[in-house]
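First up is the structure itself, then whatever we jot down about it.
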Amino acid sequence: MREPERPGEELAWYIDKFHWNQAMFSEVIGRPVQFVSDVVNGKTRITRTSAAQFAAALGTTAQHWLDLQNEYELWVLSRDKEMQKMLRGIKRRAKAYTVHMPAT
């Protein structure tokens, strides 16, 4: 699986498309410039609230922004060796438990 686009990269593209800068966009959505900068630079994740704000300002949907964020975060988890080790343990335990469950 290839690395998906980071949500902040797409936000930066939209800001540029509208010929805005981060300060202008922050005024449009009523959030601090630092917040916009942090999202663009991948330091802050997109929440339901910020997704709705981005959608209203950019003519997209909140779901679009949440999907980008979720896809990226799931990709990051898929690359995390400790997380993958933990998930393998869960699968192993679930399989063992399922074998011993009585039929319904």
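The values are calculated or read from the model by the stated rules, or taken from the named source; none is laboratory data. As the structure is a computational prediction, the values presented were derived from the model and not from experiment. Cβ sites come from the backbone with ideal geometry, for glycine too, and all protein chains shown count toward neighbours. Side chains are part of the model used for accessible areas, which takes the heavy atoms of the whole protein and leaves out ligands, DNA and RNA. Shrake-Rupley method; radii C 1.70, N 1.55, O 1.52, S 1.80 Å.
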Ignoring ligands and nucleic acids, Tyr97 exposes an accessible area, probe 1.4 Å, in Å² to the nearest 10, of 150
Of the convex hull enclosing the alpha-carbon atoms of the range 1-51, the direction-averaged projected area in nm² is 3.8
Inter-part gap, Cα centre of the range 29-104 to Cα centre of the range 1-22, in whole angstrom, is 18
Rounded to a whole %, the carbon-and-sulfur portion of the accessible area of the chain at a 1.4 Å probe is 55
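Are there any helices in the chain, counted as whole DSSP H runs, that stretch 18 Å or more along their axis by Cα and score at least -1.0 on average by Kyte-Doolittle, and if so which? Let's see the in-between values first.
Values: long enough: 62-79 (26 Å, -0.63); 81-99 (27 Å, -0.98).
Counting only whole DSSP H runs, the qualifying helices are 62-79, 81-99.
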Rounded to the angstrom and largest first, Cα extents along the principal axes for the chain equal 61, 31, 22
Here, Asp38 and Phe18, labelled 7 Å along Cα→Cβ, have an inter-label distance in nm of 2.0
Toy charge model, Lys and Arg Cβ at +1, Asp and Glu Cβ at -1: the chain dipole around Cα centroid in debye, rounded to 20, equals 840
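Considering only protein heavy atoms, what per residue accessible area in square angstrom results for the chain with a 1.4 angstrom probe? The partial results should precede the final answer.
Numbers: 7510 Å² over 104 residues.
Accessible surface, normalised per residue, equals 72 Å².
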Comparing Gln34, Gln84, Gln22 in a Gaussian network model of the chain (Cα, 10 Å), the one with the largest mean-square fluctuation is Gln84
